[in-house]
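Here's the structure, in structure tokens; my notes come after.
Only the coordinates and a few stated rules stand behind these numbers; no lab work does. As the structure is a computational prediction, the values presented were derived from the model and not from experiment. For neighbour counting, all protein chains shown are included, and Cβ atoms are generated from backbone atoms with ideal geometry for every residue, glycine included.
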Amino acid sequence: MILSDKWRDYEVIDAGGGEKLERWGGIILRRPDPQAIWPKQTPGEWGGADAAYVRGEGGGEWDFKRKLPESWRVSYRDMAFNVRPTGFKHTGLFPEQAANWDYMAAILRRRRGARVLNLFGYTGGATVACARAGASVSHVDAARGMAQWAGENLALNSPCGGSVRWIVDDARKFARREARRGARYDGIVMDPPSFGRGPGGEVWKLEDCVFDLAAECAALLSDDPLFFVLNSYTTGLQPSVLHNIVSLTAGKGRGGDVEADEIGLPIKSGGALPCGACGRFAGKGAKGGKRIC
């Protein structure tokens, strides 16, 4: 497992019983996590949470133990992000992806001005990391609110060495238009949800779509690509599945290396919390970048 273990403003304090207890800066949150099926290791700490996300029929809601700010800032290395509790239990940041941010930034510093496509860009963690490393990033997300949040995060980190183009669109439709336009990218990162809907109500189910989408996006890679990163939070998609997908798409006929592994977070009380898997193609031009998968 690849651990995102360089955080200072975030930590998993404990996990178990289908939940995780996290510190986001100075605020403690308690959220569901279906992977944490073992017993809690430090049960006495859980009562100190500032807010807990409680599941109910048809969804869930936050139970605030004290009044929290509407949003607050957390930092990772030299980057800053705004986080806040949302109605879908999320906070606007997936901290396990920090290892991917480090990986891509290390490679991009070797080729200033590289073009990067961030599909399912969410609130821009990868976008900020790549732009600060000097890349020209196309950030694509179907939700306008997420793109606006990502723009706020980029503003926290300005000035940066690169630039960002914001696109609110369905990821697959955008990729197909880019192919028709002959667009090419030196790096591509995809962080698709397990299930979702596009702006026109299109149903997205990862298992049904991921290979074809990966193949269409791999066709957008430049002649000398740096990387292609595919993340999955779907339990059934093991690292070996992602390895096969990336090998048969981005890695096919290009040389370079393909690897895959689990990605996760260290738990302060002991052990590690699995947070999905990632598969990666590293092109010949990526040599010298720190590999995490």
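Numbers at a glance
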{"read-out": "Loop sites in the stretch 62-112: chymotrypsin sites (Phe, Trp or Tyr not before Pro), DSSP, at most 16 other Cβ within 10 Å", "value": "PHE88"}
{"read-out": "DSSP beta bridges in the stretch 93-286 [antiparallel fraction, %, rounded to 5]", "value": "45"}
{"read-out": "Which listed pairs, of LYS89/LYS205; LYS6/LYS67; LYS205/LYS268; LYS6/LYS284; LYS173/LYS284; LYS173/LYS205, have C-alpha distances above 22 Å, in listed order", "value": "LYS6/LYS67; LYS205/LYS268; LYS6/LYS284; LYS173/LYS284"}
{"read-out": "Cα-based reach from LYS287 at 17 Å (exclusive), listing aspartates and glutamates while leaving out same-chain residues under 8 positions away", "value": "ASP102, ASP186, ASP223, ASP224, ASP257, GLU259"}
{"read-out": "Per-residue ³J(HN,Hα) for the stretch 95-111, Karplus 6.51 cos²θ - 1.76 cosθ + 1.60, θ = phi - 60°, Hz, x for Gly and Pro", "value": "x, 5, 6, 4, 5, 5, 4, 4, 4, 5, 4, 4, 6, 5, 5, 7, 9"}
{"read-out": "For the stretch 262-278, Karplus couplings with θ = phi - 60° (6.51, -1.76, 1.60), whole Hz, Gly/Pro x", "value": "5, 10, x, 10, x, 9, 4, 7, x, x, 9, 9, x, 10, x, 9, 9"}
{"read-out": "Taking MET146, MET1, MET104, MET190 and counting other C-beta atoms within 10 Å, the order from fewest to most", "value": "MET1, MET146, MET190, MET104"}
{"read-out": "Whole-angstrom gap from the stretch 230-293 to the stretch 125-142, using each part's C-alpha centre", "value": "19"}
{"read-out": "Relative contact order (percent, whole number), the chain, Cα cutoff 8 Å, 6+ residue spacing", "value": "17"}
{"read-out": "Phi to ³J(HN,Hα) by Karplus 6.51 cos²θ - 1.76 cosθ + 1.60 over the stretch 70-83, Hz, x for Gly, Pro", "value": "4, 8, 8, 9, 10, 10, 9, 6, 9, 10, 10, 9, 8, 10"}
